[in-house]
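Trainee: Handing you this structure, nothing more for now.
The values are calculated or read from the model by the stated rules, or taken from the named source; none is laboratory data. Model, not experiment: these values are computed from the prediction. Note: ideal-geometry Cβ built from the backbone for every residue, glycine included; neighbour counts use all protein chains shown. Quick note on the areas: whole protein, heavy atoms, side chains included, nothing else; ligands and nucleic acids left out. Shrake-Rupley method; radii C 1.70, N 1.55, O 1.52, S 1.80 Å.
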Amino acid sequence: DAKTTQPPSMDCAEGRAANLPCNHSTISGNEYVYWYRQIHSQGPQYIIHGLKNNETNEMASLIITEDRKSSTLILPHATLRDTAVYYCIVRVRKGGGSQGNLIFGKGTKLSVKP
Amino acid sequence: EAQVTQNPRYLITVTGKKLTVTCSQNMNHEYMSWYRQDPGLGLRQIYYSMNVEVTDKGDVPEGYKVSRKEKRNFPLILESPSPNQTSLYFCASSSPPSDRTGTVEWAFFGQGTRLTVV
């Protein structure tokens, strides 16, 4: 699976959009981008995933660049409860191997401030 | 409610005393795995299982054993715990890749087991 690079920390004001970048310049055509978050030592929680089109769900939006070498997770109206470590993960689709393994990097610690 | 349940949530034990951390999921998922999380090292996979009786090593399997006799359960066994196994442990489960999209469904994680070995 391709490696990802994220900034170690970011701050965001409550109510503003939080934009979390992720670089995955070695991503291959059969790899998806997944985002998880972990709130204070709880179990990681799935947020969203995508291949090449932008995706949106009730939690967030995922913007993937046309060359797929980077992506941005957007929390449109951050709240204090969104303070967490956010992990960007790329992994292969079916048939690509390593199907059971999620490889977590260090992630980005997002601090939402009042 | 879909969930992954780990027990115990907290455990303090002594070096060499065998212990088992249980993990159970109620979603009929085929994939299950164990991770440990340590400060500065992030989450690292210990073992994973792609189905009943099918298990494989992750990145840090030394000192651990697992078994998958039933689909819903995936216990983590420490035969002779040592202080370097003091950590926060997470169990996770997910369904296999979708035949339509080829993607693996997102993983559900348990709430964690904080283990201290003295």
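Trainee: What number of residues in the stretch A:40-64 are assigned to a loop (DSSP other than H, G, I, E, B), at pLDDT 90 or above and surrounded by 12 or more Cβ atoms within 10 Å (Cβ to Cβ)?
Mentor: Here the count works out to 6.
Trainee: Continuing with this model, one more query. Pairs, please: C-beta under 7 Å, at least 6 apart or cross-chain, first residue more than 12 Å from A:PRO21 (Cβ to Cβ) and in the stretch A:59-74, second part of a strand (DSSP E or B) and modelled with pLDDT of 95 or more?
Mentor: A:ALA60/A:LEU73; A:ALA60/A:ILE74; A:ALA60/A:LEU75; A:SER61/A:ILE74
Trainee: So, one more: Against the conditions (1) more than 8 Å from every other protein chain (Cβ to nearest Cβ); (2) at pLDDT below 95, where does B:VAL66 fall short? Just the number, please.
Mentor: (2)
Trainee: What pairs can you find where one residue is in the stretch B:1-26 and at pLDDT 95 or above, the other is of a type in the set (D, E, K, R) and in a strand (DSSP E or B), and their Cβ atoms are less than 8 Å apart, with a gap of 6+ or different chains?
Mentor: Sorted first by the residue in the stretch B:1-26, then by its partner, the pairs are B:ARG9/B:ARG114; B:TYR10/B:ARG114; B:LEU11/B:ARG114.
Trainee: Considering the stretch B:8-19 alone, what residues qualify as being open to solvent by less than 80 Å² (accessible area, probe 1.4 Å) and not in a loop (DSSP other than H, G, I, E, B)?
Mentor: Result: B:LEU11, B:THR13, B:LEU19.
Trainee: Oh, and also: Only one of these is crowded, with 18+ Cβ neighbours inside 10 Å and assigned to a strand (DSSP E or B): B:THR55, B:THR22, B:THR5. Name it.
Mentor: So the residue among B:THR55, B:THR22, B:THR5 that is crowded, with 18+ Cβ neighbours inside 10 Å and assigned to a strand (DSSP E or B) is B:THR55.
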